[in-house]
1. Go through the range 25-43 and report how many residues are open to solvent by 40 Å² or more (accessible area, probe 1.4 Å), in a helix (DSSP H, G or I) and either more than 14 Å from Arg76 (Cα to Cα) or of a type in the set (Val, Ile, Thr) (or both).
2. What is the one condition in (1) over 16 Å from the mean Cα position of the chain (by Cα); (2) open to solvent by less than 60 Å² (accessible area, probe 1.4 Å) that Leu20 does not satisfy?
3. Inside the range 71-112, can you point out the residues that are open to solvent by less than 50 Å² (accessible area, probe 1.4 Å), assigned to a strand (DSSP E or B) and either within 18 Å of Glu135 (Cβ to Cβ) or not hydrophobic (A, V, I, L, M, F, W, C) (or both)?
4. Check Thr53 against each of (1) more than 18 Å from Trp159 (Cα to Cα); (2) hydroxyl-bearing (Ser, Thr, Tyr); (3) not in a helix (DSSP H, G or I) and name the one condition it does not meet.
5. Could you list all residues from the range 96-119 that are more than 12 Å from Leu154 (Cα to Cα) and in contact with a Phe, Trp or Tyr (Cβ under 8 Å, 6 or more places away or on another chain)?
6. From the list Arg5, Arg68, Arg9, exactly one residue is in contact with a Lys or Arg (Cβ under 6 Å, 6 or more places away or on another chain) and open to solvent by 30 Å² or more (accessible area, probe 1.4 Å). Which is it?
7. Go through the range 44-65 and give me each residue that's open to solvent by 80 Å² or more (accessible area, probe 1.4 Å), within 29 Å of Pro132 (Cβ to Cβ) and in contact (Cβ under 8 Å) with a residue 12 or more places away in the chain.
8. Return the residues of the range 41-61 that are at pLDDT 95 or above and over 13 Å from the mean Cα position of the chain (by Cα); say none if nothing qualifies.
Amino acid sequence: MAEARPMWRFTGVDPSAAMLHLAKEVLSPYCDRVDLIKGKAEDLPSRTFDGATCLLTFHNLERHERLRALQEIRSRLNSGAPLVVVEHTAPEPDPERWMTLSSAFRDHETPDWTQARAAGRKMVERLTLLTPDQEEHLLREGGFVDAAMFYAALTFRGWVARAP
């Protein structure tokens with residue numbers, strides 16, 4: 001995004017120092033337009049933003065933490081600002097099957113199905129996986145409107161919603 005939008009400024013927030021370090025390395029050509037903050041959504045500045053993304057994060061948070069993060073993000077967005085969310089979901093009726101498929105197809109060669117089943121099981125145990133309907137409900141509960149899924153591939157789903 002920084003490369004595609006040279007007039008935009010970016011603020012990134014993450015509780016992981018390691019992730020922030022990686023972001024700093026990757027974004028070094030754009031460092032004059034990027035602020036990185038160690039923390040969570042509630043640690044963002046109280047100013048408002050024109051948009052937000054949350055990529056591959058929410059499935060690591062319990063539902064109540066996810067709702068709070070959505071509410072915090074919403075409180076910092078200008079009216080009409082978009083939020084883009086992409087994460088793992090739990091397609092019904094068998095999330096473990098879908099996580100196994102997702103794990104298997106990340107390999108470019110022939111999948112190791114034993115390894116993929118083990119990874120799928122671990123993902124179901126460790127991640128907070130909601131169904132796509134639950135995800136959309138949570139976006140509305142978090143204060144967003146017009147939530148629409150724009151991307152779906154195996155267990156990955158992407159939504160765009162906007163602040164009212």
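The values are calculated or read from the model by the stated rules, or taken from the named source; none is laboratory data. Fair warning: this is a prediction, and the values are worked out from it, not measured in the lab. Cβ atoms come from the backbone with ideal geometry, glycine included; neighbour counts cover every protein chain shown. Just the protein is used for accessible areas: all its heavy atoms, side chains included, with ligands, DNA and RNA removed. Shrake-Rupley method; radii C 1.70, N 1.55, O 1.52, S 1.80 Å.
1. The total comes to 7.
2. Of the numbered conditions (1) over 16 Å from the mean Cα position of the chain (by Cα); (2) open to solvent by less than 60 Å² (accessible area, probe 1.4 Å), the odd one out for Leu20 is (1).
3. Residues satisfying the conditions are Leu83, Val84, Val85, Val86, Glu87, His88.
4. Condition not satisfied by Thr53: (1).
5. We begin by selecting, within the range 96-119, every residue more than 12 Å from Leu154 (Cα to Cα); these are 107-119.
Of everything in the range 96-119, just one residue is more than 12 Å from Leu154 (Cα to Cα) and in contact with a Phe, Trp or Tyr (Cβ under 8 Å, 6 or more places away or on another chain), namely Pro111.
6. Exactly one residue qualifies, and that residue is Arg9.
7. Keep residues of the range 44-65 that are open to solvent by 80 Å² or more (accessible area, probe 1.4 Å), which gives 46-47, 50, 55-56, 60, 62-64.
Still in the list and also within 29 Å of Pro132 (Cβ to Cβ): 50, 55-56, 60, 62-64.
Within the range 44-65, Asp50, Leu55, Leu56, Asn60, Glu62, Arg63 meet the criteria.
8. The answer is Phe49, Asp50, Gly51.
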